[in-house]
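Working notes, beginning with the structure itself.
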Amino acid sequence: MEKKCYYVDFVPFTFPDRNYAELDDYLETHYKEIYAKKIIFIAFSLMYYYDCHVYLDEEMSESFSNFKKKDLRNIGLDILDAIHS
C-alpha cells in the first residue's frame, strides 16, 4: 500500500495577485508574532501526529549550516524553536 505524502509550506514565496501585498504588509506589522506562534504550534503538532521529515530551506541552511540537508524531526522541540527564533 502506498503512503500519501504532503509538503507543508507555511509562508508562500509567490502570491495569488498584487492585492495580497497589502494584506501581507498589514499582517507583518500587526500580527506576525501571533501568526508565528500559531504556526509553530500547528507545525509541532503535525510533527508528532504524523510521520514526517523536517528540513531547512536554502536560506535558513546558510545560517545553520550544521543542519543543512539533515532531517531535523528528532532534534527536539527546544532546538527547533531556537532555529525559528
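Values in this text are rule-based calculations from the coordinates and carry no lab data. Everything quoted here is computed from the prediction, not taken from an experiment. Using ideal geometry, Cβ is built from the backbone for each residue, glycine included, and neighbour counts are taken over all protein chains shown.
Couple of notes before you dig in:
- Segment ILE79..SER65, full-extension length gain: 3.6 nm, with 0.36 nm per residue of separation and the alpha-carbon distance subtracted.
- Seen against the Cα atoms of the chain and their longest principal axis, helix 32-49 is set at about 30 degrees.
- With a cut-off of 13 Å on the backbone N, the residues of region 42-56 near the modelled label site 7 Å out from CYS5 along Cα-Cβ are 52-55.
- Report summary: the helix-based calculation at 222 nm, which adds -39500 (n - 2.57) for every DSSP H run with n ≥ 4 and divides by the residues of the chain, gives -15000 deg cm²/dmol.
- Rounded to the nearest 20 debye, dipole of region 20-84 from Cβ charges on Lys, Arg, Asp, Glu: 380 debye
- The residue list GLY76, VAL8, ASN19 was ranked by how far each Cα lies along the charge dipole of the chain toward its positive end, using unit charges on Cβ atoms, and GLY76 comes out on top.
- Once the chymotrypsin sites (Phe, Trp or Tyr not before Pro) in DSSP loops with at most 12 neighbouring Cβ atoms within 10 Å are cut out of the chain, the longest remaining piece is 51-85.
- Under Stokes-Einstein, with the Kirkwood radius over Cα pairs as Rh, the value for region 20-84 at 4 °C and 1.567 mPa s is 97 µm²/s.
- For the chain, the longest principal axis of the Cα atoms and the long axis of helix 20-30 meet at an angle of about 80 degrees.
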